[in-house]
Amino acid sequence: MRTETRGTNVTSDDGSASSCDTATATCSSASRPWARYICFAVIAASGLIGDLWSKHAVFQWLQPHHQHEVWSGSFLGIPVDFQFATTFNLGALWGMGQGQTWLFASLSVLAVFVLVYFLYTGQAVESWWLTISSGLLLAGTLGNLYDRLGLHGHLDLNGRPIYGVRDFLDFVFFNGGFHWATFNLADSYLVTGAILLVLQSFTQPVAAPATSLSATQSCP
């Protein structure tokens, strides 16, 4: 005896269509959420361009190891001094792991491959939260990887390439009482992207207990 499975087409909120098998309660994606892919590309590309341009502009203007006061005042009652301070970071965020440039460069390359893989499988664009955070993480990783490979063109006193990240954003709080680590736009992207991933983890629904599927169950 021959049996046939009847299916229905479902359109999700972001416009992507999927076909549902009501007998087996399985869905297959008929189209990708292209709006999220475009958003991911725009965030990653514009973020990378903004990071590299800002580094180039400030370092060309001040040259390495120079400072320029930008603003001094109070924010929410906290004394703040903001300046440009051009330095090279041979480690990771907040100066950790100084001298381990190639280790962090290797980790950055691995992070890029992981992000590209998640993009290829669609996991990086499963939601707008993940789309934005993944785009920021890719932009930040590529921006700092560019510097760690010495592609910025700066040389040390011996004429050798400096394999370090260019930092220039410098904040001092409480009238010199607390000096925040000098950073750049790529660092901001990485921290923001990581925070968004953590927030995303709190919004994941709790998995329901496995139950038997009826022949009339439809896909969401």
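Since every read-out is calculated from the coordinates, none of them should be taken as a lab result. Model, not experiment: these values are computed from the prediction. All Cβ positions, even for glycine, are placed from backbone atoms using ideal geometry, and neighbour counts span all protein chains on display.
Quick look at the values:
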{"item": "From phi via Karplus (6.51, -1.76, 1.60), per-residue ³J(HN,Hα) for the range 113-125 in Hz, x at Gly/Pro", "result": "4, 5, 5, 5, 4, 5, 5, 5, 7, x, 5, 6, 10"}
{"item": "Net charge, residue 82 excluded, C-beta distance under 9 Å - Lys, Arg +1, Asp, Glu -1", "result": "-3"}
{"item": "Estimated FRET transfer efficiency when R0 is 41 angstrom, pair residue 127-residue 57 (beta carbons, to 0.05)", "result": "0.75"}
{"item": "Local electrostatic count at residue 140 - Lys and Arg +1, Asp and Glu -1, tallied over other residues with Cβ under 9 Å", "result": "-2"}
